[in-house]
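This report refers to the structure that appears directly beneath it.
The values are calculated or read from the model by the stated rules, or taken from the named source; none is laboratory data. These figures come from a predicted structure and were not determined experimentally. As a convention, Cβ positions derive from the backbone with ideal geometry for all residues, glycine included, and neighbour counts pool all protein chains shown. Remember, those area values only see protein heavy atoms, side chains included, never the ligands or the DNA or RNA. Shrake-Rupley method; radii C 1.70, N 1.55, O 1.52, S 1.80 Å.
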Amino acid sequence: MRKRNMKDWLKGKGFYISLMVGAICVVAIAAVCLDSFGMNKSMSDEDKRNNIAMLDEEKENKDVMDNEDVEKNAREFYDRISNENNDSPDVSMQAEVTPVPDEKTDTASIEGEKEDGKKDKKTDGKKSSKKNKKNDGKNDNKSNSTDKKVTVMKTGEKVNSLKFDQEAGISWPVSGDIIMKYSAGNTVYHKTLGQYKSNPALVISAKEGDNVSSAVESVVTDVGKNEEIGNYIETSIGDGYKIIYGQLDNIQVEKGATLKEGELIGAVAAPTKYYIEEGTNLYMKMTCDNEPVDPMIFLK
């Protein structure tokens, strides 16, 4: 009785049990499928990443290869250019090549150039002739200016021809007393300056306007004006001797003139500020080779 009930119970419950077992199996199979799908998915993602990494690496390798190829090509090109430059001859050593006229050159243009050349030559000739005329004019002016200086040139010739006769001596240029003696080595008192100082000349008293004559035959080598001695003339008497006449007025001679002994050269002027106290006078200085000497040695 009990066994029958068990069987009936089992038969009544077997459907549900089998249904439950089937459900469990379905769930298990579904779980296994889902797990395998997730694994496959995760693996596929990892494969994708690996593939992307491999592609990037291949791209970098390709870029490196491309850069190396570019550098290699550039190096080869540079070497080829440098070799060509070394093989080519030096341009500076090449002979100059004269340009060959084109066969199609117009003969009329060549003739025109010839005519232009002739015109240029003519104009150049005219210009040169004008320049020559101008230069001739300048040369004439220069010759005229030199003509004015001929007397100076002749002065040297005249001076060289002079001979100073020391024994014959020189005459007095004016009549008067000696106010200040020659004293190149010693000092004498200057009233106007109020001091003692050397005196390289003779100071002869004279009246204003008195005539002054040449002391000896001479040539006028200079005419000028000095603050101390006023207007003066310088004469050369030969053999390196010179006589300077100062404190002059109304000078009658010019540079280059030849003077005879006793010939009028000017007049006595009013004294300069350096000789106010001494009064009107004639300043007479004598030198030999530009060194002062005492005129009293040669005065007659």
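Annotation: amide H of Val188 within the under-5 Å range of Lys197, Ser198, Asn199, sequence separation 5 or more or interchain, hydrogens built in the peptide plane. Count Lys and Arg as plus one, Asp and Glu as minus one, and take only other residues whose Cβ is under 11 Å from that of Lys242; the net charge is then -4. When only alpha carbons are used to place a centre, the range 177-203 and the range 214-286 end up 18 Å from one another. Within the shell of other residues whose beta carbon sits under 9 angstrom from the beta carbon of Ser205, the net charge comes to -1, with Lys and Arg scored +1 and Asp and Glu -1. Note on the range 214-300: the alpha carbon radius of gyration divided by the globular reference 2.2 N^0.38 Å gives 1.04. Sorting the segments 211-221, 261-271 by their mean number of nearby beta carbons within 10 angstrom, highest to lowest, gives 211-221, 261-271. Computed over the range 186-286, relative contact order equals 36 percent, with contacts defined as Cα pairs under 8 Å that lie 6+ residues apart. Across the protein chains, with a 1.4 Å probe defining accessible surface, the residues Glu254, Glu76 rank Glu254, Glu76 from largest area downward. Its Cα centre serving as origin, the range 200-279 has a Cβ charge dipole (Lys and Arg +1, Asp and Glu -1) of approximately 80 debye. Projecting the Cα atoms of Ile276, Ser214, Ile178 onto the dipole axis of the range 162-300, where Lys and Arg carry +1 and Asp and Glu carry -1 at the beta carbon, places Ile276 farthest toward the positive end. Take Cys33: with every protein chain present and a 1.4 Å probe, its accessible area is about 70 Å². Debye sum, Cα scatterers, the range 255-300, no solvent: what log₁₀ I/I(0) at q = 0.30 1/Å? Each listed q corresponds, in turn, to -1.05. For Asn186 and Ala31, the difference between the fully extended length at 0.36 nm per residue and the C-alpha to C-alpha distance is 40.7 nm. Rg and Dmax of the range 217-257, based on Cα coordinates, read 10.0, 29 Å.
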